[in-house]
1. Can you name every residue in segment 23-48 that is part of a loop (DSSP other than H, G, I, E, B) and either surrounded by 11 or more Cβ atoms within 10 Å (Cβ to Cβ) or among the aromatic types (Phe, Trp, Tyr) (or both)?
2. Go over the candidates Asp22, Asp26 one by one and state the one that is on the phi > 0 side of the Ramachandran plot and modelled with pLDDT of 95 or more.
3. One residue is enough: does segment 1-22 have a residue meeting the conditions among the hydrophobic types (A, V, I, L, M, F, W, C), outside any loop (DSSP other than H, G, I, E, B) and in contact with a His (Cβ under 9 Å, 6 or more places away or on another chain)?
4. Go through segment 44-66 and give me each residue that's aliphatic (A, V, I, L, M) and without any contact (Cβ under 8 Å) to a residue 24 or more places away in the chain.
Amino acid sequence: MPPLELDPQFADADRFYAALADVHRDCDEETSRQINARLILILANQIGDQDTLEEALRIAAEIKPSSGAAGEAPGGGR
């Protein structure tokens with residue numbers, strides 16, 4: 001299994017971020033959590049490979065002190 005790609009692969013990251021923010025606009029915290037959970041499951045289903053998903057979980061669980069960059073891409077600084 002090749003390692004997960006952590007460098008930005010977006011054709012237009014700003015467009016995706018805007019769409020994501022728009023989906024959450026006017027939502028309460030619980031609705032936003034539900035949207036995020038559904039999005040995670042939809043994308044996990046698209047990926048489909050258990051080893052890849054577990055690697056993504058490990059990477060996502062790596063908590064590092066914030067550098068103040070709230071929108072930093074996954075794996076930033078790697």
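1. Step one: list which residues in segment 23-48 are part of a loop (DSSP other than H, G, I, E, B), which gives 25-28, 48.
Cys27, the sole residue that qualifies.
2. Numbers: Asp22 fails: on the phi > 0 side of the Ramachandran plot.
Every option except Asp26 fails the conditions.
3. The first filter runs over segment 1-22 and keeps only residues among the hydrophobic types (A, V, I, L, M, F, W, C), leaving 1, 4, 6, 10-11, 13, 16, 18-21.
Filter again for outside any loop (DSSP other than H, G, I, E, B), leaving 13, 16, 18-21.
Add one more test, that the residue is in contact with a His (Cβ under 9 Å, 6 or more places away or on another chain), and what stays is none.
No, segment 1-22 has no match at all.
4. Let us first name the residues in segment 44-66 that are aliphatic (A, V, I, L, M), namely 44, 47, 53, 56-57, 59-61, 63.
Correct list: Ala44, Ile47, Leu53, Leu57, Ala60, Ala61, Ile63.
The values are calculated or read from the model by the stated rules, or taken from the named source; none is laboratory data. Only a predicted model underlies this, so the values are computations on that prediction, with no experimental measurement involved. We place every Cβ from the backbone using ideal geometry, glycine too, and count neighbours over all the protein chains shown.
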